[in-house]
Ligand SMILES: [Ca+2]
């Protein structure tokens, strides 16, 4: 082998030398018969090796093809599975988007529910406060009810006391009425005493003033008017008796006159004059209208028959009469 390899560079060297014309050509090399025989062997070996390689390849292909096909099939299956999963993922994505909208809507509803819950909580607090107040009021009512029950137990006793109070009230009213009567009586007594202290005399509800100074009939009437009275009238035997006894036989002007009238007697205090009932009070023979000038009357004698007509200008003592009028305290 080394020989062949060493000859090859020489050939190349010879070629290079042929290109260079300055150098003489070498004689052609002698061919080696063993080397010629070795070339087909190498080819055979190479072919055998190639065949082995091909066979091996085919064998391997026959062995590996099913496996590869199985692997490919598995890959396809996996790819289909992946595709299915991708589809599922896409479907899930759309569902997620849809669910996202639903979640947002649910979020809004949750917010609304939260707001409603806040309001409900506020109402619950208000109700709780109201409940506490109501509880306090119920407690107060219970307490008051117990007090009412206690008072109810006292009602019979109170009723007895009330009956007693009613009876006492009746007695009090009676006493009050009596007190008022006594008060009026006292007031009357006081008025009488006051009038008596002023020289007035009291008789059957009237006051009488017996003057100490003689006056004409007109002046006497004016004096009486100035004392809220008039010259006295006489309407009963009792009054007549009271007057003539008090006069003690002295002549006193009374309020009977016909002055200013057409001969008719009348009482100056406007008491109606009863001519028939008054006949019994005249002195027999009176009134005689002596000198046609006797127009006023006086009590002249200490008797029921005591009246005499006289001249109004004469001056006599006189009697004023004032009805008793109860004055309010
Ligand atoms: Ca006379």
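Data overview
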| read-out | value |
| --- | --- |
| Residues of the stretch 302-311 that turn out to be surrounded by fewer than 21 Cβ atoms within 10 Å (Cβ to Cβ) and within 12 Å of the ligand (Cβ to nearest atom), as a count | 2 |
| Test: residue in the stretch 235-256 that is within 16 Å of the ligand (Cβ to nearest atom) and without any contact (Cβ under 8 Å) to a residue 60 or more places away in the chain | yes |
| Tally, over the stretch 222-252, of residues that are under 18 Å from residue 300 (Cα atoms) and outside any loop (DSSP other than H, G, I, E, B) | 13 |
| Out of 321, 275, sole residue that is away from the ligand (no atom under 16 Å from the Cβ) and modelled with pLDDT under 95 | 275 |
| From 197, 116, residue being exposed (fewer than 12 other Cβ atoms within 10 Å of the Cβ) and either touching a helix residue (DSSP H, G or I) at 6+ places or on another chain (Cβ under 8 Å) or over 30 Å from residue 324 (Cα atoms) (or both) | 116 |
| Residue 127, sole failed condition from (1) under 30 Å from residue 326 (Cα atoms); (2) out of contact with any helix residue (DSSP H, G or I) (no Cβ under 7 Å at 6 or more places or on another chain); (3) at pLDDT 85 or above; (4) surrounded by 11 or more Cβ atoms within 10 Å (Cβ to Cβ) | (1) |
| Within the stretch 286-300, tally of residues that are within 18 Å of residue 216 (Cα to Cα) and either near the ligand (Cβ under 6 Å from one of its atoms) or touching a helix residue (DSSP H, G or I) at 6+ places or on another chain (Cβ under 7 Å) (or both) | 4 |
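The values are calculated or read from the model by the stated rules, or taken from the named source; none is laboratory data. It should be emphasised that the depicted structure is a prediction, and the values quoted were computed from it without experimental measurement. Every residue, glycine as well, gets a Cβ built from its backbone with ideal geometry; the counts of neighbours run over all protein chains shown.
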